[in-house]
Amino acid sequence: MAIYTKTGDAGTTGLFDGHRVAKASRRVDTYGTLDELNAHLSLCEKLVSNEESRTWLHTLQGKLFRLCAEIATLDEEKLLRYSTPVKSDEVRELEQLIDAYTKRLPPLNSFIYQGATVAAAELHIARTVCRRAERLLVALHQKEPLRAEVLSFVNRLSDCIYTLARMEDFTAYITEVTQRVLAKLDAHTAHDVHQTHGEVTMDESSWLREQVHILCKRAQTKAEAMQVPVVIAVVDAKGMPVLTYRMENALLVSSELAPGKAYTAVALKTATSELKETIQPGSDLYQIEAMVSRKLVTFGGGFPLYYKGKLVGGLGISGGTVEEDCCIGRYAMEYLEANHGK
């Protein structure tokens, strides 16, 4: 069967229910623009790196097909026979998606450039096409009333696409920063490999296990003097637990935070109190907690442990304020630094 019918040569086209109207009619212009939007969303689906967004974009295309069918139909009975009109719960579904993504995105305090990545830029193009379709819908509605759900859906859809564009740029940013952090860590690792062939020697491992009890006792003594019950955690150079000690009445959450601080000090090779500036918006490690599978704790209380200039583990203290945790940790570290250097 030929794709051409020649029935449109006179400038008319058939609607979904068989009615013929001018190709330049407001109704055809409206569903044609929605069809244009759907083509953009199909391209966006192929470009985005965020898997959740890709699934949503595929779903939205199906909803737009149904919306186009409604705009292209004058006979409501025939529409209901062959399609399902967009419903109010689908409008709420878009709102829930927008809200869920917005909670995961950094606060927005100004206008943004329209796409730092190709995928986000294409999503912004789709958003502007959606806004054009909405304007056409409103104009059509003034002449031929449409259901309120149709107008609400397209209005939310443009907000949804805008949010998907922001998420795509944020996902790309997280990936970029993660790569920079990992490259930095790889550089440190390469340096360590050059110096020690990448292995913690038996002497270093034994030294750490000998020192953990002294560290724990020193931290406990200081915490008792300050009347601040804490959890004390030590991990090795690979971030694996060596010791975790919980003082009586220490906060339960500290049992997670102390090992997290110790691990973070090892992973980033620095005291966690030094991360304050680098995790602020716009800095290299902003949102780093969301970039890695293992939990990082980016506030004070974590200390890297060195032996003969080599990183061999980390100490984490949690239970008091950040200042109190740092004070207890520094007291424990003073012994090591006095006897073994930094």
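The table that follows gives values for the structure above.
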quantity	calculated
With all protein chains modelled, accessible area of Tyr173 [1.4 Å, Å²]	60 Å²
Of the trypsin sites (Lys or Arg not before Pro) in segment 41-93, those whose Cβ has at most 16 other Cβ within 10 Å and which sit in DSSP loop	Lys87
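The values are calculated or read from the model by the stated rules, or taken from the named source; none is laboratory data. Note that the structure is a prediction, hence the values are computed from the model and not measured. Methodologically, a virtual Cβ is constructed for each residue, glycine included, from the backbone with ideal geometry; neighbour enumeration extends over all protein chains shown. Remember, those area values only see protein heavy atoms, side chains included, never the ligands or the DNA or RNA. Shrake-Rupley method; radii C 1.70, N 1.55, O 1.52, S 1.80 Å.
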